[in-house]
Amino acid sequence: MGKHTPYFELLEAQGMAGCPICRLVYKVTDRYLDAILYEAVLDPDVRAKLKGSRGFCDEHVEMLRRKPGRALGIALIYRDIIRSVAETTDAARFQGDTSPIRKLLGKRQHNVQVIEKLAASVDCPACGIGQGAADNYLDLLLAYLDDEQLYRAYAEGEGLCLP
């Protein structure tokens, strides 16, 4: 197996503070978020996926928040999501029998249906990218653990975190 860029990234990350896999996952995820904001913010497929996930998880929203000069891209993404949620809640208003007793009896089932419609249909896309990167770097680490240079760097580093 030839040594490519990911191998050298993994090797370099061993000498830095903290878990090398977490460091590399953060780097990959950060590049992904940059790519979304620079190149794909107007891509209909990307926007549809983000609407389906109801945006990013808390961790990745925080990463976005720390990116200066990206407010417009973030606003465009979340405008779509807010519109989608608003449309769902508007369409879900109770429109049934006007009898108070029937409204009360039907309200619980109706609320469950609305909650299901509001739930994200897919996971945070940045989490998916991060998990894929973690899997790839861990596989790479295992594949090259008998490599003297990587083994030495790993042995001298801080090692991996528990998660």
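The values are calculated or read from the model by the stated rules, or taken from the named source; none is laboratory data. None of the values given here were measured: they were computed from a predicted structure. FYI the Cβ positions are ideal-geometry reconstructions off the backbone, even for glycines, and counts take in every protein chain you see. We work out accessible area using only protein heavy atoms, side chains counted, and drop any ligands, DNA or RNA first. Shrake-Rupley method; radii C 1.70, N 1.55, O 1.52, S 1.80 Å.
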| note | Scanning segment 50-74 residue by residue, those outside any helix (DSSP H, G or I) and under 19 Å from ALA119 (Cβ atoms) turn out to be ARG54, GLY55, PHE56, CYS57
| How many residues are of a type in the set (D, E, K, R) and either open to solvent by less than 30 Å² (accessible area, probe 1.4 Å) or touching a residue at least 40 places away in the same chain (Cβ under 8 Å) (or both) when one looks only at segment 16-31? | 0
| Counted residues, segment 90-137 - those being in a helix (DSSP H, G or I), at pLDDT 65 or above and open to solvent by 60 Å² or more (accessible area, probe 1.4 Å) | 12
| task | Might you check whether a residue that is open to solvent by less than 50 Å² (accessible area, probe 1.4 Å), of a type in the set (Lys, Arg) and over 20 Å from LEU140 (Cα atoms) occurs anywhere in segment 51-65? | result | no
| Could you say whether any residue in segment 32-48 is open to solvent by 30 Å² or more (accessible area, probe 1.4 Å) and part of a loop (DSSP other than H, G, I, E, B)? | yes
